[in-house]
Amino acid sequence: MKSKSGFSMIEIVISLIILAVGFFPVYNLFRQGSAGTANTVQETVATNYASDLINFCKDLRYTQLKDVGNIQDDTPYSDSQFQTIIDQYRQDPNASEEANTELKIPNIDEEEAILYKRTITFTDFPLPTKQNPGFWQRIWQKIKDAIGVGGREEQERRNYVPSYKVTVKVQFPKGNGKLDENESKNDEVTFYTIIMD
């Protein structure tokens, strides 16, 4: 009489372990791929939020923001704080007709506020200051003026255009989470533009 052979429980367990070890890298590849896709989508949305605000800023004027907005240099403003500045700018009696119409910055959707944090920073480029030259520097300057060669500082003053460098940063979480309070753990996109007269 022939005996029937089959797999023992130990053989089945060993084969399952080998299969699991073989499929783990494949699973990891899919998991990282989906996290990367989610990150790409969030980065695209963050880029759109940054470019919306940059495009809005291109219609503003340096002088009116400087005189009316009370902007503090290198201070990151949130959307609501920047809207307050814009409202002051809009109410300026010397503002142009366009400025006196209602200006609303393009906001981040309320539901997406847990994923995106946008800030705007202004850096003023001040008029280069004239330095007090010493005796020999004054003599040298008179010689240069006599032969028609202007100094570098004077050239900078002539070429000066009052302007702000505008920096818009939009933070978004890495992967599928919410914004981390520790900002260094978030990803961000940064856009720049210049506001002048």
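Please treat every number below as a calculation from the coordinates, not as lab data. All values reported here derive from a predicted model rather than from experimental measurement.
General remarks:
- Set K58/K165; K144/K165; K58/K117 screened for pairs whose C-alpha atoms are more than 23 Å apart: K144/K165
- Across K104/K185; K66/K185; K66/K169, pairs whose alpha-carbon gap is larger than 29 Å: K104/K185; K66/K185
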